[in-house]
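Down below is the structure, laid out as structure tokens.
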Amino acid sequence: MDGAEAARRLADHLTPSQGRLLASHWDRLPRRKAAVSLLERWAEGPGLPREDLPFLHLLYLATTSETLFLGLLRRPSEWPGLSARVARTDGRGREDIEEALARFFLLQRGNEPSAVLSAFRTLETARILLQDILGILDTESVTRDLSVLADVLIARSFSLTFQPLKESMGQPLHAGPDARPVPCPLAVFALGKLGGRELNYSSDVDLVAFYRAEGETDRGGSNGAFFNAWFQSAVSLLSRPTPDGPCLRVDTALRPRGRDGELTLSFDAALAYYREWADLWERQAWIKARACAGDEEAGALFLRRMEPVIYQEYSFAGIAENNRRMRAKSVEELRRAGRSEPARNVKEGPGSIRDAEFSIQALQMAHGQRDPWVREGQTLLAATKLQQKGLLSPSLRSEFGAAYLLLRRAEHWAQVQNMRQTHHLPEDPEGWEELARFLRLPGGTAARKAVEQARGTLSALMARVLEELREGQPEGDEVARLLSPEGMREVLAAGGFSDPDRVLPYLSALYEVLAPHLGGAQRRQHFLRIHYSLEREFRRAPDPHRGLVSLSRYVSSIASEPRLAALLLDHPRTPRLAFRLMSRSAPLEEALGRWPDLIEDLTFERMRAVEAEVLDLGGRTEEGPDDLRRSQKRLFFLARAREILMGDGVAWSRRIHTRIAESLTAKVFTSALRRTEAAEGLPPGLLEGRFALLGLGRLGSRDMQPRSDLDLVCLKSGPWALPEDPDRSARIESRLVGALTDGFTAVTRHGALYDVDWRLRPYGDSGPPVVSPDALTHYFAGPARLWERLSYLKARPVAGEAGLGWRVLEEVWDLIGTSGAPGAEIQELLEVLRKLGASASDLEGALKFWEGGLWHADLLAGVMALREGRLPARGPGWEPFAGLPGDLTRARRFQDTLLHRIRVHFERPPSLPRLRQALTDLRVLWAASAHSLEEGPPPEDLAVEWGRKREVVQEVWRDWE
């Protein structure tokens, strides 16, 4: 069929000028036969447009994409407006698309949002395609416009799904700059082609979403649960089937841990994953990343923090090898899939678009480590920047650009015909002729030749780039060389050791344990990763000598356990992470030495599972004393390790340590009741409901830290546990407190659980071990001192009959409010603190008791709260700093953080004669650890900052007095 015959076949539906247009454009139309039959369907339905330009646009749509044509045939009233937009040459930016989508939703009121989104996508994609084939847009502009359209659709899907979730789950919150809760934002990131603004006509869109910080909604749910639900809801809306197909096909597999990972993570958790656990290809994927929806400011913050993680130090040869393996793997997967021969796949086959992208990204991953200029997500612009830096010649850049654009356009043709995600070149001569017309080439032979030449160019570029990156790599058996004394001296010197021979025995001892397990190729490759990652760790460590000695001793200690030795090679990140912990935290070094199996927990999955494991700890039954202690020590290890490796802040640590203490307290209490019943010959469960355990101090205020003890008071429901037998009741009470004390403090091979302090009961050590409600209220109505009244403001039930505990505490708080804070008792307390400060012998004591320290801040906050009538309430706990000056709150928080960091990094508190040096050492260890976005790095001079914060507390005291 020629153009004249086609015009005759449609003559009854065309004006004379349209017939001439059809004939004159016939030779340019890609799929001619399809055009005639589709136009006949339109003519038999709404009727062909009578104006020439809308008809010409419809002709080109029919000959290019049957799917889009039929989508417009379902809504012909949209055609005049769409055709008018095609003729515009001034482009449509994001704001234009957003306004058009808003109007479209108004016109489509009552329809399913997913159907409206998909219909709008059909209309706008048809507009872009027509501007493409008519030459109004070049290929780069086409992919940019398709990406802008996807951005708008994604953003709208998130806005449509937010409010229903907020109403059902609450507003997610996180701690703001002044520690008060503020709304927690979500940032949605585009990766892959959408991230580079290079989207195809029928691409998947790669989306990843992270939220600003951990926290809870205003209804008590976790931020993670809310954002997982929101992300899932938005993706479901985009992916839902409609008459126009799904709006977008969303791929979320580029998130941390891929399809096995959580849908969303906090910024800190995501940054930690990519920094410590991600493979190179996972970081490389973020070269193209950009924020496409959600909170723009939060997205920009994350990307700024992510940039040095993407381009972290990595050997050029390692980058080349990783990219070579990735390409080989993708081609092999293509062969195994068997859907077509790899040579026909223009995206993944040899000499394909993937070669172009990997070539440019490999150069970026190498040279972007030191030159931010080449860090660019758009492939062609990145190639230009590499040329500007002399890393690509002008001629090679030109050849690359022409080849890449040709293959992208060939890929477009494969997809637009039926709007399917396919990347296959034609199989038959007719298909090549159609492609030639889409590419504006003189025939199928020319098209085939042009594609082959482009693929040859990209294949050669890939080989050249990888070869250049491998230059300088030593020849021969690299593993054998590195296991030799010369190879070990080399890495020690590169790691910054001024005298490599001094520490050579420690590295040699470490490698001697690993060497017998280096049989397979993968383990040998992993050994190389271990070797070079340790070199980088040595340079970054505060004290690399100490870290290497500790790691060497640890590895030597497990030499007789092949399973653990092999684990270090099968998980090549583990030695690096173990070195990181040992060189920054004496308690973690000691824990790994005592319990070597803890090394198995240095995975992202185990670290992220801490909260879930704490919940599970509370639900587990039939655990003996040593099982509880083993679980506790493991959770303590993971909590500290998360602070060092992932940057989880003090607030998170306090929350986790408090939940661990709550779970263990409940278990110990239940066990103590059963033991007491058994010892007294009582039926199991008889004592239930007759006792409550109050937590005070840090447990009561949900403020537990590493090495915190438990301040406890045991309540009974009446004068006697067994009213009918007072003598036996006294014995039961004594047994119960004894069982509780033993449950917490008895030492097994995993140590004790907690030290326990019972002295906050009325009359301290001289008072009865278990207190009745009347005795407690009588005490606070009479002889209780101010320090005791302040202590009970933090009290809450932590085990046993909670209702009993709350009822008694509410009466006690009323009495405390009545007693107030007399000035004489305040002075009495200050005198006690002065004496304690004068007798302080270590840094912890100074932090607590020196003037302006923690206890002064707490005393001031408590006294001010009592004077203002701010008493606790059942449930949420007491917030003594609520409504107080922000400077006082920040001063207290800094000193508490300082105390916390001492316990994270030091095995025991430094003595006061070493105070200045200890704070200098602490600052180095703290700064060398990960830190959260909220808390940031430590101040430059901890001693000076501590002095300032103590002065703030003293100044508030003076102003208040």
When every residue in the stretch 579-612 that is small (Gly, Ala, Ser) and under 12 Å from Leu638 (Cα atoms) is compared, the one modelled with the highest pLDDT is Ala591
With the first residue restricted to the stretch 933-961 and required to be not assigned by TED's automatic domain parsing to the domain that holds Tyr211 and among the aromatic types (Phe, Trp, Tyr), and the second required to be in a helix (DSSP H, G or I) and surrounded by 18 or more Cβ atoms within 10 Å (Cβ to Cβ), Cβ contacts under 6 Å at 6 or more apart or on different chains are Trp957/Leu860
Scanning the stretch 854-875 for residues that are part of a loop (DSSP other than H, G, I, E, B) and over 37 Å from the mean Cα position of the chain (by Cα) gives Glu868, Gly869, Arg870, Leu871
Fill in: Check on Asp896, surrounded by 17 or more Cβ atoms within 10 Å (Cβ to Cβ), under 41 Å from the mean Cα position of the chain (by Cα) and of a type in the set (Asp, Glu)
yes
Residue hits (the stretch 731-751; assigned to a helix (DSSP H, G or I) and not aliphatic (A, V, I, L, M)) are Arg731, Glu733, Ser734, Arg735, Gly738, Thr741, Asp742, Gly743, Phe744, Thr745
Restricted to the stretch 331-344 and to residues being in contact with a helix residue (DSSP H, G or I) (Cβ under 6 Å, 6 or more places away or on another chain) and either assigned to a loop (DSSP other than H, G, I, E, B) or touching a residue at least 12 places away in the same chain (Cβ under 8 Å) (or both), the residue surrounded by the fewest Cβ atoms within 10 Å (Cβ to Cβ) is Val331
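Considering every residue within the stretch 209-216, establish whether at least one is buried (at least 19 other Cβ atoms within 10 Å of the Cβ), under 29 Å from Ala356 (Cα atoms) and not assigned by TED's automatic domain parsing to the domain that holds Gln378.
The first filter runs over the stretch 209-216 and keeps only residues buried (at least 19 other Cβ atoms within 10 Å of the Cβ), leaving 209-216.
Applying the additional criterion that residues be under 29 Å from Ala356 (Cα atoms) yields 209.
Of the ones still in play, those that are also not assigned by TED's automatic domain parsing to the domain that holds Gln378 are 209.
Scanning the stretch 209-216 turns up at least one residue that is buried (at least 19 other Cβ atoms within 10 Å of the Cβ), under 29 Å from Ala356 (Cα atoms) and not assigned by TED's automatic domain parsing to the domain that holds Gln378.
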Of Val812, Val798, Val771, Val808, the only residue that is out of contact with any helix residue (DSSP H, G or I) (no Cβ under 7 Å at 6 or more places or on another chain), at pLDDT 95 or above and assigned by TED's automatic domain parsing to the domain that holds Glu662 is Val771
Scanning the stretch 306-323 for residues that are surrounded by fewer than 18 Cβ atoms within 10 Å (Cβ to Cβ) and in a helix (DSSP H, G or I) gives Glu307, Pro308, Val309
Listed by range, helices (runs of 4 or more DSSP H) wholly within the stretch 1-119 having at least 3 residues that are in contact (Cβ under 8 Å) with a residue 12 or more places away in the chain and under 30 Å from Ser239 (Cα atoms) are 32-44, 52-64, 66-73, 79-86, 94-107
Just one listed residue, out of Ile310, Ile360, Ile319, Ile353, is in contact with a Ser or Thr (Cβ under 6 Å, 6 or more places away or on another chain) and aliphatic (A, V, I, L, M), and it is Ile360
Flagged pairs (Cβ under 6 angstrom, 6 or more apart or on separate chains; first in the stretch 742-756, surrounded by fewer than 20 Cβ atoms within 10 Å (Cβ to Cβ); second of a type in the set (D, E, K, R) and in a helix (DSSP H, G or I)) are Thr748/Asp626; Thr748/Arg629; His750/Asp626; His750/Arg629; His750/Arg630; His750/Lys633; Gly751/Arg629
*Residue in the stretch 902-920 that is charged (D, E, K, R), without any contact (Cβ under 8 Å) to a residue 12 or more places away in the chain and part of a helix (DSSP H, G or I) present*: yes
Within the stretch 684-704, can one find any residue that is closer than 25 Å to Arg630 by Cβ, among the polar types (S, T, N, Q) and assigned by TED's automatic domain parsing to the domain that holds Asp742? no
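Looking only at the stretch 766-779, count how many residues are assigned to a helix (DSSP H, G or I) and either surrounded by fewer than 21 Cβ atoms within 10 Å (Cβ to Cβ) or basic (Lys, Arg) (or both).
Quick first cut of the stretch 766-779, residues assigned to a helix (DSSP H, G or I) only: 766, 773-779.
If we keep only those that are either surrounded by fewer than 21 Cβ atoms within 10 Å (Cβ to Cβ) or basic (Lys, Arg) (or both) too, we end up with 766, 773-775, 777-779.
Looking only at that region, the number is 7.
So, in the stretch 548-574, how many residues would count as being closer than 20 Å to Glu313 by Cα and either outside the structural domain of Ser498 (by TED's automatic domain parsing) or part of a helix (DSSP H, G or I) (or both)?
Of the residues in the stretch 548-574, 2 are closer than 20 Å to Glu313 by Cα and either outside the structural domain of Ser498 (by TED's automatic domain parsing) or part of a helix (DSSP H, G or I) (or both).
The values are calculated or read from the model by the stated rules, or taken from the named source; none is laboratory data. Given the structure is predicted, the values throughout are model-derived calculations rather than measurements. No Cβ is skipped: glycine too gets one built from the backbone with ideal geometry, and neighbour counts run over all protein chains shown.
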